[in-house]
């Protein structure tokens, strides 16, 4: 029998006309209200049985006022957050060349391992005999970190990179106190190109920050360090490879200069991913360095955390590491949690960074990454990261300007905005136009030592085809900017869920939480 | 405007009698961008020349405003805390930060005249 | 290596394009004698299956909280987390995104942070909350520094009921920042005289409620005493579920509220990652550490969200920043806000009631045991008992028989004469059978 319900299967209409929709939605791009606008305080997405009869023991502290928390049923919850997720760009969406942030692939094996009940469902204060595997994992990770960096010890507990910096500087301060030089050694040298966290961390524990100017080639001059360092100097904080994407070639001389002055060498390990398996900070004179497990060892960035920032320490600083730390005994591994007990074992901990033992969930993911790569794979990953960045540099050097000349970089390549001069397009505009092309923008306006900086870090996770398309896109954009096609940039993004946002308005009259709309009668008055 | 003086940190001081009105220059506001917050000097504070007197913030930058001269703060422009945009719109008029009772008039000698400041700007 | 897309041919072609003949030419700035010439002495790459084997073996050496009656708390709590939560936080667009510096393509993260801030402000009874801290303990350290900035004083007074790890974090930070800390003795019954310690050199008083022993504190008189001397009250909690049933710190006059949010949406994870909640009054916003998300509009007038007031932060202010922090707890924050959206006010209250009821039932049973004294009169879901014998030994013995009885107070307060005190948490996961098993085992062990 003839099917009379056939339908057209080729598009027939002009596809260039854009129709406004009734809902404001654009197919997969859905407008999603706030939970406060779709939920209500008497709705819930969990079923909880009423408790057995009991006499409350809350005294006069029982809550009497309403809280004002809306609930959603489970299907509403699912849809709300799935729709929100669709407004986000992640590494799994596309190339994410955010310099200095290392947006590499996040293997899902790591997620699976972190969710093994033996890791995720253990309490930090269970008897230690019941968590020997967790301690073994921490100890194994510590061994990998110490071996990869060529250092003596590692303080595991810091919760993120900046927290690791704080831990490292506290260890340095503790060592200076132990030397009786607390009153005189108060200065920390910080190059102009440093991450903003470096001076912030130093200031937090009352060190004075002394800036080190960066020389013409984007690196730090050891003679300048020698001239700025003296008996008042506690430490230098140096990022290596630095934020310009360059290896500090005089790092050994810098270390010697700071050590000669009696200070310590703190390395910001944010860019350690470029040299894993190629060089060891311990061989370069480093006394302390934090490691961002979420950068170098692929634990997910998760929209801004959680991070993890273990700090490797030299022999001179190791005794000052905070509690807790792991000790091997005849009965197994022991977590030393108490300062007094630590002293019994010959340590001089400067204190404690956080409750409990640090970011176990991140340790599991990092070790899973390390075991997967192995020593050979991690060396290869560093080489590929550096190769990819240099490939991008080589393919764009004729169009975009390199502030320190067209020479090899490490894992990220830094351009400035000289090449955009007189085009009417700024670094920001260029970045926003990348969004329309389906890319996350690179890091911009950082480091501060370069005007209109664009810092591109492709990571080792990109295939050659992916890089080639990225390069072709940037070339097309660059040519368009130079050609005077400014509208493509100054109004960008055109295709993102939202257009450019008014940050001035947000800061001038901050709205930091949802408030119920005024009743209509009141509003009419 | 012969009695207006300028600092290298882009503050101006307008002197009437022994009272100096100060704020940030038009160049400073244009460099900062949209000002979103101002912390004006505290009335009654005794400031030394060069001491931190106020804070001005845009979306992407924050900077301290230093006392261009020494003396006691006798008035501050509290209206700026509610309408920081005034600093962008009229920095050397309604966008003033504070008034200082001059402790040492000779300090003014070391500051720049309007012409000198213009020359200074052309070197930046 | 399965994570590396470049082939050997790709590599040689690309090296040629770059204009060098060997990869080490790109590492030429590393001093020649420091460049490693062989692979470091660590295991070589492994298949997914092999890695699973190794890590599963380690995991199997741990006794998980779900494997028997479990009463361990003191700052981290075993709760049931709906399956929806873990599914949603593993969505790629959440899991693999960065801090929302490009708001046009990060509205997902920004909107949930805005919702999270609103939820936390409501729960704590405060005006504003930030986008989270690393955890409750580091948040407490930051709160103390914030109080010092506001009051321009530098002495903190810590209640004896504050979790000692939190106290240690505050003391470490304060020692390094040349600030003073006065710590009161461990306080089992909320009988300490905090008010006597407040004078006009004190910047802030830090009080935890429910405290580390489980006891609820009356914050109002302390808040009044603080305010009379120009000091701030920092109220701390480690069990956020309590706020479903207990008057909020804001209602009781707190100026800064800090807490651990792990109980909602987050697993125990052997101590981390967790999520620090941080809230305060409007007038102190500019002194608050951490990220803040705010509402605004885009170029077409549509509502959207951005990170705001970022001039407080390290990447702009450098050494003048309010704090050196640049991450929040991202995904843990997301887990918290999803779980809280599922619960809603109705669900949170119901959950809190079950927790409290279970604790009351256990307290009643324990009180009937010979040689056991239940210390707390007013509590939420955690109690402390004094028993006959050494609590640590008893806990170890019970663990051997599959029962996790709680946290011996001496583990947190060594050498303070608390060897016979045991801290016991009860949540909705504990059944009548669990409680009976614990009571029977304790009876036998004493």
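Being at pLDDT 95 or above and in a helix (DSSP H, G or I) is true for just one of A:103, A:113. Which residue is that? Let's see the steps before the verdict.
Working: A:103 fails: in a helix (DSSP H, G or I).
None of the others qualify; the one that does is A:113.
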* Selection status of residue C:425, buried (at least 24 other Cβ atoms within 10 Å of the Cβ) and farther than 21 Å from residue C:356 by Cα -> no
* Starting from residues that are in a helix (DSSP H, G or I) and surrounded by fewer than 22 Cβ atoms within 10 Å (Cβ to Cβ), keep the ones in the stretch A:146-160 and report whichever is farthest from the other protein chains (Cβ to nearest Cβ). => A:146
* Which residues, counting only those in the stretch A:314-334, are at negative phi and in contact with a helix residue (DSSP H, G or I) (Cβ under 6 Å, 6 or more places away or on another chain)? -> A:317, A:320, A:323, A:326, A:333
* Test: residue C:238 is modelled with pLDDT of 95 or more, touching a strand residue (DSSP E or B) at 6+ places or on another chain (Cβ under 6 Å) and either under 30 Å from residue C:363 (Cα atoms) or not assigned by TED's automatic domain parsing to the domain that holds residue C:125 (or both) -> yes
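To keep it simple, each residue is scored yes or no on (1) facing chain C (nearest Cβ under 7 Å); (2) surrounded by fewer than 22 Cβ atoms within 10 Å (Cβ to Cβ).
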| residue | (1), (2) |
| --- | --- |
| A:63 | yes, yes |
| A:69 | yes, no |
| A:72 | yes, no |
| A:76 | no, yes |
| A:79 | no, yes |
| A:88 | yes, no |
| A:92 | yes, yes |
| A:99 | no, no |
| A:104 | no, no |
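Of these, A:265, A:325, A:272, which one is in contact with a strand residue (DSSP E or B) (Cβ under 8 Å, 6 or more places away or on another chain) and without any contact (Cβ under 8 Å) to a residue 40 or more places away in the chain?
Unique residue meeting the criteria: A:265.
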* Taking the stretch C:384-400, which residues are more than 9 Å from chain A (Cβ to nearest Cβ) and under 26 Å from the mean Cα position of the chain (by Cα)? -> C:384, C:385, C:391
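Would you mind finding the one in C:115, C:175 that is crowded, with 24+ Cβ neighbours inside 10 Å and either in a helix (DSSP H, G or I) or more than 7 Å from chain A (Cβ to nearest Cβ) (or both)? Before the answer, list the steps.
Numbers: C:175 fails: crowded, with 24+ Cβ neighbours inside 10 Å.
Sole residue among the options that is crowded, with 24+ Cβ neighbours inside 10 Å and either in a helix (DSSP H, G or I) or more than 7 Å from chain A (Cβ to nearest Cβ) (or both): C:115.
Given the condition assigned to a helix (DSSP H, G or I), crowded, with 24+ Cβ neighbours inside 10 Å, under 24 Å from the mean Cα position of the chain (by Cα) and not assigned by TED's automatic domain parsing to the domain that holds residue C:420, answer yes or no: does some residue in the stretch C:194-213 qualify? So that I can check it myself, show each step before the final result.
Here is the first cut: in the stretch C:194-213, the residues assigned to a helix (DSSP H, G or I) are C:195-197.
Still in the running and crowded, with 24+ Cβ neighbours inside 10 Å: none.
No, the stretch C:194-213 has no match at all.
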* Residue check for residue C:40: under 30 Å from residue C:398 (Cα atoms), within 8 Å of chain A (Cβ to nearest Cβ) and out of contact with any strand residue (DSSP E or B) (no Cβ under 6 Å at 6 or more places or on another chain) -> no
* To do: Please verify whether the stretch C:336-344 includes one or more residues that are under 15 Å from residue C:424 (Cα atoms), facing chain A (nearest Cβ under 7 Å) and either surrounded by 24 or more Cβ atoms within 10 Å (Cβ to Cβ) or in contact with a helix residue (DSSP H, G or I) (Cβ under 7 Å, 6 or more places away or on another chain) (or both).
  => no
* To do: Test residue A:361 against the criterion of being in the same structural domain as residue A:120 (by TED's automatic domain parsing), under 19 Å from the mean Cα position of the chain (by Cα), part of a loop (DSSP other than H, G, I, E, B) and crowded, with 24+ Cβ neighbours inside 10 Å, and give yes or no.
  => no
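Residues that are at pLDDT 95 or above and buried (at least 24 other Cβ atoms within 10 Å of the Cβ), at least 3 per element: which strands (runs of 3 or more DSSP E) completely within the stretch A:200-312 meet that? Even if it seems obvious, please write down each step before you answer.
On the way: elements: A:208-212, A:233-239, A:264-268, A:288-290.
By residue number, A:233-239, A:264-268, A:288-290.
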* For the stretch C:225-240, which residues satisfy the criterion of being in contact with a helix residue (DSSP H, G or I) (Cβ under 9 Å, 6 or more places away or on another chain) and surrounded by fewer than 24 Cβ atoms within 10 Å (Cβ to Cβ)? -> C:225, C:230
* Answer from C:87, C:80 - the residue that is under 24 Å from the mean Cα position of the chain (by Cα), surrounded by fewer than 21 Cβ atoms within 10 Å (Cβ to Cβ) and part of a helix (DSSP H, G or I) -> C:87
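Results for (1) at the interface with chain A (Cβ under 7 Å from one of its Cβ atoms); (2) in contact with a strand residue (DSSP E or B) (Cβ under 8 Å, 6 or more places away or on another chain); (3) on the phi < 0 side of the Ramachandran plot; (4) surrounded by fewer than 24 Cβ atoms within 10 Å (Cβ to Cβ), shown as yes or no for each residue.
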position	(1), (2), (3), (4)
C:309	yes, yes, no, yes
C:324	yes, no, yes, no
C:333	no, no, yes, no
C:364	no, no, yes, yes
C:368	no, no, yes, yes
C:372	no, yes, yes, yes
* Structure fact -> Apart from one, (1) within 13 Å of chain C (Cβ to nearest Cβ); (2) in contact (Cβ under 8 Å) with a residue 60 or more places away in the chain; (3) in contact with a helix residue (DSSP H, G or I) (Cβ under 6 Å, 6 or more places away or on another chain); (4) more than 30 Å from residue C:49 (Cβ to Cβ) all hold for residue A:383; the odd one out is (4)
* Asked: Among (1) without any contact (Cβ under 8 Å) to a residue 40 or more places away in the chain; (2) facing another protein chain (nearest Cβ under 7 Å); (3) part of a loop (DSSP other than H, G, I, E, B); (4) in contact with a helix residue (DSSP H, G or I) (Cβ under 8 Å, 6 or more places away or on another chain), where does residue C:30 come up short?
  -> (4)
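Limited to the stretch A:356-369, what total is found for residues that are at the interface with chain C (Cβ under 8 Å from one of its Cβ atoms) and on the phi < 0 side of the Ramachandran plot? Full working, then the answer.
Initially, the stretch A:356-369 is screened for residues at the interface with chain C (Cβ under 8 Å from one of its Cβ atoms), giving A:356-362, A:364, A:367-368.
If we keep only those that are on the phi < 0 side of the Ramachandran plot as well, we get A:357, A:359-362, A:364, A:367-368.
So the answer is 8.
Would a scan of the stretch C:44-62 turn up a residue that is part of a loop (DSSP other than H, G, I, E, B), surrounded by 20 or more Cβ atoms within 10 Å (Cβ to Cβ), within 8 Å of another protein chain (Cβ to nearest Cβ) and touching a helix residue (DSSP H, G or I) at 6+ places or on another chain (Cβ under 6 Å)? Lay out the reasoning, then the answer.
Filtering the stretch C:44-62 for residues part of a loop (DSSP other than H, G, I, E, B) gives C:45-47, C:61.
Still in the list and also surrounded by 20 or more Cβ atoms within 10 Å (Cβ to Cβ): C:45.
With the extra rule that they be within 8 Å of another protein chain (Cβ to nearest Cβ), the set shrinks to C:45.
Remaining after also requiring touching a helix residue (DSSP H, G or I) at 6+ places or on another chain (Cβ under 6 Å): C:45.
Yes: one or more hits.
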* Asked: Can you list the helices (runs of 4 or more DSSP H) found entirely within the stretch B:37-124 that contain at least 3 residues being at pLDDT 90 or above?
  -> B:85-89, B:114-122
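Out of all the residues in the stretch C:242-252, is one or more part of a helix (DSSP H, G or I), at the interface with chain A (Cβ under 9 Å from one of its Cβ atoms) and within 22 Å of residue C:81 (Cα to Cα)? So that I can check it myself, show each step before the final result.
From the stretch C:242-252, those part of a helix (DSSP H, G or I) are C:242-244; that's our starting set.
Narrowing further to those that are at the interface with chain A (Cβ under 9 Å from one of its Cβ atoms): C:243-244.
Right, trim to within 22 Å of residue C:81 (Cα to Cα) and you get C:243-244.
Yes, because at least one residue in the stretch C:242-252 is part of a helix (DSSP H, G or I), at the interface with chain A (Cβ under 9 Å from one of its Cβ atoms) and within 22 Å of residue C:81 (Cα to Cα).
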* **Extreme residue, farthest from residue C:25 (Cα to Cα), among residues of the stretch A:401-426 that are away from every other protein chain (no Cβ under 12 Å) and crowded, with 22+ Cβ neighbours inside 10 Å** => A:425
* Asked: Any chance the stretch C:230-239 includes a residue that's farther than 16 Å from residue C:157 by Cα and within 10 Å of chain A (Cβ to nearest Cβ)?
  -> yes
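The values are calculated or read from the model by the stated rules, or taken from the named source; none is laboratory data. Nothing here was measured: the structure is a model prediction, and the numbers come from that model. No Cβ is skipped: glycine too gets one built from the backbone with ideal geometry, and neighbour counts run over all protein chains shown.
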